[in-house]
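These notes are about the structure you will find just below.
The values are calculated or read from the model by the stated rules, or taken from the named source; none is laboratory data. Everything numeric here is computed off the predicted structure, so don't read it as measured data. Methodologically, a virtual Cβ is constructed for each residue, glycine included, from the backbone with ideal geometry; neighbour enumeration extends over all protein chains shown.
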């Protein structure tokens with residue numbers, strides 16, 4: 001299962017973590033996992049090419065993390081809000097394979 005964990009706190013960096021594998025199909029043919037990967041890579045491109053340094057991310061095989069401050073950088077907030085909506089919608093439409101959780105955990109800045 002893909003686990004998506006979102007932690008947002010006013011006045012602090014927001015953080016989103018994505019990890020795991022959907023296991024909705026054979027490796028290399030898993031459409032749910034491909035959808036998650038497409039959203040993660042689009043988010044990374046948005047932060048790298050649109051926001052340009054006001055947010056950061058770490059993306060590797062099977063895991064990704066994003067940090068942003070929507071109050072300080074509205075473009076980072078817009079990119080993040082769009083991608084969070086996409087991941088939340090994917091979790092709602094495929095609950096056996098994607099879990100979206102909002103967390104109160106403290107985050108690395």
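Given the condition over 16 Å from residue 33 (Cα atoms), part of a strand (DSSP E or B) and touching a residue at least 12 places away in the same chain (Cβ under 8 Å), answer yes or no: does some residue in segment 92-99 qualify? There is no residue in segment 92-99 that is over 16 Å from residue 33 (Cα atoms), part of a strand (DSSP E or B) and touching a residue at least 12 places away in the same chain (Cβ under 8 Å). Any residue in segment 25-42 that is assigned to a strand (DSSP E or B) and at positive phi? Checking segment 25-42: not a single residue is assigned to a strand (DSSP E or B) and at positive phi. What residue, among those in segment 18-39 that are crowded, with 20+ Cβ neighbours inside 10 Å and under 10 Å from the mean Cα position of the chain (by Cα), is nearest to residue 97 (Cα to Cα)? Checked segment 18-39; the qualifying residue nearest to residue 97 (Cα to Cα) is 36.
Looking only at segment 67-84, count every residue that is under 19 Å from residue 3 (Cα atoms) and in a strand (DSSP E or B) and tell me the total. So the answer is 1.
For segment 44-66, filtered to residues that are assigned to a strand (DSSP E or B), touching a residue at least 40 places away in the same chain (Cβ under 8 Å) and out of contact with any helix residue (DSSP H, G or I) (no Cβ under 9 Å at 6 or more places or on another chain), the residue that is nearest to residue 15 (Cα to Cα) is 65.
There is no residue in segment 77-87 that is surrounded by 15 or more Cβ atoms within 10 Å (Cβ to Cβ), closer than 19 Å to residue 101 by Cβ, over 14 Å from the mean Cα position of the chain (by Cα) and touching a residue at least 60 places away in the same chain (Cβ under 8 Å). Checking each residue in segment 1-39 for being touching a helix residue (DSSP H, G or I) at 6+ places or on another chain (Cβ under 8 Å) and within 30 Å of residue 73 (Cα to Cα) picks out 2, 4, 6, 14, 16, 18, 35, 36, 39.
One residue stands out among those in segment 95-109 that are in contact with a strand residue (DSSP E or B) (Cβ under 9 Å, 6 or more places away or on another chain) and at pLDDT 90 or above: the one that is farthest from residue 3 (Cα to Cα), which is 102.
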